[in-house]
Amino acid sequence: MRLIKHPVLCNYYVTYRCNAKCGFCDIWEKPSPYVTLDNVRENLSALKKLGVKVIDFTGGEPLLHQQIDQFFALAKEMGFITTLTTNALLYPKFAERLKDKVDMLHFSLDTADKEKHDTMRGVACFDFVMESITLAKSLGERPDILFTVFEENKQDIPAVYEQICLPNDLVLILNPAFEYNKVGDRLSSETLDELTYWGKKKNVFLNQAFVELRRDGGNHVADPVCKAASTTLVISPENELILPCYHLGERSFPIQGNLESLYHSTEVQRQIATEGKLPACEGCTINCYMQPSFSVETSKYFWKSLPSTIKYNRIKKTWFKVLSFS
């Protein structure tokens, strides 16, 4: 049964440019413009009317945009829940300007081993993460550590948890590597078992539905769990609406100041109806689209996801915002 029929999340790509060269990501290889403040203002207003609750200003590396703090200020003024994930290279530069503007601040960190982390990210950013944790805490912020789990770094979870998260009272978000359209890494059954174990620990967030979905072979086009296009709006740096999701990008629609009417247009709604049903959707486990998909429709994934959602929002004290989703 569908519980929420309007989109709840916007993945707003402020640029595809990135100052890291992660081996598991190719977005940094794309040429890209930067979004404009006027377009962001227009689109946020339309997103509000469409019922969107969460704005994720993303990239590339979102802190490469010189006006990123102004985007967050606008979103907060309009009552959105805001999220930011960064490699932390530029966080010290923006920390003061971002103070109290980001509800869910995530620093990417994949191991407690400096050399290994910097190798995985293709740039020396480990020290910047450590500096950013100290700086954020001094400003009264409470960042999360976003740990992308692969077979080659799963053994590093204990050190990140015990040496970095617990001493700093930070939430460790375990983000299982995902697959789509024959891209990405498949995690073993043993690794999924380990993730389930760690997900029960204090200050650890793991959406158990991510584990369940992988055990089930991901999304199946015959009976899709993915609701990417109807739950999540993807806006590109070119100011286009991308459907059904960023990773497939079957269609791009120029927004031209008319996001609300564009979203309700017959052509866009026809594209939304393909969510989870395209051949490339078979086996997909992309976390950033599955998380909202699980939240809007009752299914076994909804119930698997609920305990971790309750846990995270209790720790972060964001329940009053989440309850406004409907």
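The values are calculated or read from the model by the stated rules, or taken from the named source; none is laboratory data. Note that the structure is predicted; figures quoted are calculated from it, not measured. Note: ideal-geometry Cβ built from the backbone for every residue, glycine included; neighbour counts use all protein chains shown.
Considering only residues that are among the small types (Gly, Ala, Ser) and under 24 Å from LYS5 (Cβ atoms), which ones fall in the range 189-228? I'd like the intermediate steps shown before the answer.
Filtering the range 189-228 for residues among the small types (Gly, Ala, Ser) gives 189, 199, 209, 217-218, 222, 228.
Across the range 189-228, the qualifying residues are ALA209, ALA222, ALA228.
Among GLU179, GLU194, which is surrounded by fewer than 21 Cβ atoms within 10 Å (Cβ to Cβ), at negative phi and touching a Gly at 6+ places or on another chain (Cβ under 9 Å)? Please lay out each step first, then the result.
Details: GLU194 fails: touching a Gly at 6+ places or on another chain (Cβ under 9 Å).
Answer to the check: GLU179.
Filter the range 129-169 down to the residues that are of a type in the set (A, V, I, L, M, F, W, C) and in contact with a helix residue (DSSP H, G or I) (Cβ under 7 Å, 6 or more places away or on another chain), then identify the one that is surrounded by the most Cβ atoms within 10 Å (Cβ to Cβ).
Quick first cut of the range 129-169, residues of a type in the set (A, V, I, L, M, F, W, C) only: 129-130, 133, 135-136, 139, 145-147, 149-150, 157, 159-160, 164-166.
Still in the list and also in contact with a helix residue (DSSP H, G or I) (Cβ under 7 Å, 6 or more places away or on another chain): 133, 135-136, 139, 145, 147, 149, 157.
Working: ILE133: 23, LEU135: 17, ALA136: 23, LEU139: 13, ILE145: 23, PHE147: 27, VAL149: 23, ILE157: 23.
The selected residue is PHE147.
Can you spot a residue in the range 252-259 that is over 29 Å from PHE150 (Cα atoms) and either under 19 Å from the mean Cα position of the chain (by Cα) or among the aliphatic types (A, V, I, L, M) (or both)? Lay out the reasoning, then the answer.
The first filter runs over the range 252-259 and keeps only residues over 29 Å from PHE150 (Cα atoms), leaving 252-259.
If we keep only those that are either under 19 Å from the mean Cα position of the chain (by Cα) or among the aliphatic types (A, V, I, L, M) (or both) too, we end up with 255, 259.
So far as the range 252-259 goes, yes, one or more of its residues are over 29 Å from PHE150 (Cα atoms) and either under 19 Å from the mean Cα position of the chain (by Cα) or among the aliphatic types (A, V, I, L, M) (or both).
Okay, residues lined up against (1) closer than 28 Å to ARG314 by Cβ; (2) in contact with a Leu (Cβ under 9 Å, 6 or more places away or on another chain); (3) assigned to a loop (DSSP other than H, G, I, E, B):
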| site | (1), (2), (3) |
| --- | --- |
| LYS202 | yes, yes, yes |
| LEU213 | yes, no, no |
| SER261 | no, no, no |
| GLN271 | no, yes, no |
| GLU275 | no, yes, yes |
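Answer with yes or no whether TYR289 is in contact with a helix residue (DSSP H, G or I) (Cβ under 7 Å, 6 or more places away or on another chain), under 29 Å from LEU105 (Cα atoms) and not β-branched (Val, Ile, Thr). Show your work before the answer.
Details: in contact with a helix residue (DSSP H, G or I) (Cβ under 7 Å, 6 or more places away or on another chain): yes; under 29 Å from LEU105 (Cα atoms): yes; not β-branched (Val, Ile, Thr): yes.
Criteria met by TYR289.
Is there a residue in the range 281-289 that is among the hydrophobic types (A, V, I, L, M, F, W, C), over 21 Å from the mean Cα position of the chain (by Cα) and farther than 17 Å from ASP56 by Cβ?
Applying the first criterion (among the hydrophobic types (A, V, I, L, M, F, W, C)) to the range 281-289 yields 281, 284, 286, 288.
Now drop any that are not over 21 Å from the mean Cα position of the chain (by Cα), which leaves none.
No; the residues of the range 281-289 include none that is among the hydrophobic types (A, V, I, L, M, F, W, C), over 21 Å from the mean Cα position of the chain (by Cα) and farther than 17 Å from ASP56 by Cβ.
Yes/no per residue for (1) touching a His at 6+ places or on another chain (Cβ under 8 Å); (2) over 22 Å from LEU37 (Cβ atoms); (3) not polar (S, T, N, Q):
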{"position": "ALA73", "(1), (2), (3)": "no, no, yes"}
{"position": "ILE81", "(1), (2), (3)": "no, no, yes"}
{"position": "THR85", "(1), (2), (3)": "yes, no, no"}
{"position": "ALA88", "(1), (2), (3)": "no, yes, yes"}
{"position": "ARG97", "(1), (2), (3)": "no, no, yes"}
{"position": "ASP100", "(1), (2), (3)": "no, no, yes"}
{"position": "PHE126", "(1), (2), (3)": "yes, yes, yes"}
{"position": "ILE145", "(1), (2), (3)": "yes, yes, yes"}
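Sort through ILE286, ILE235 and tell me the only one that's touching a Phe, Trp or Tyr at 6+ places or on another chain (Cβ under 8 Å), buried (at least 21 other Cβ atoms within 10 Å of the Cβ) and modelled with pLDDT under 95. Let's see the steps before the verdict.
Numbers: ILE235 fails: modelled with pLDDT under 95.
Only one candidate qualifies: ILE286.
Residues checked against (1) closer than 21 Å to SER295 by Cβ; (2) buried (at least 21 other Cβ atoms within 10 Å of the Cβ):
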residue	(1), (2)
THR231	yes, yes
TYR246	yes, no
GLY249	no, no
PHE253	no, no
GLY257	no, no
THR266	no, no
ARG270	no, no
GLY276	yes, yes
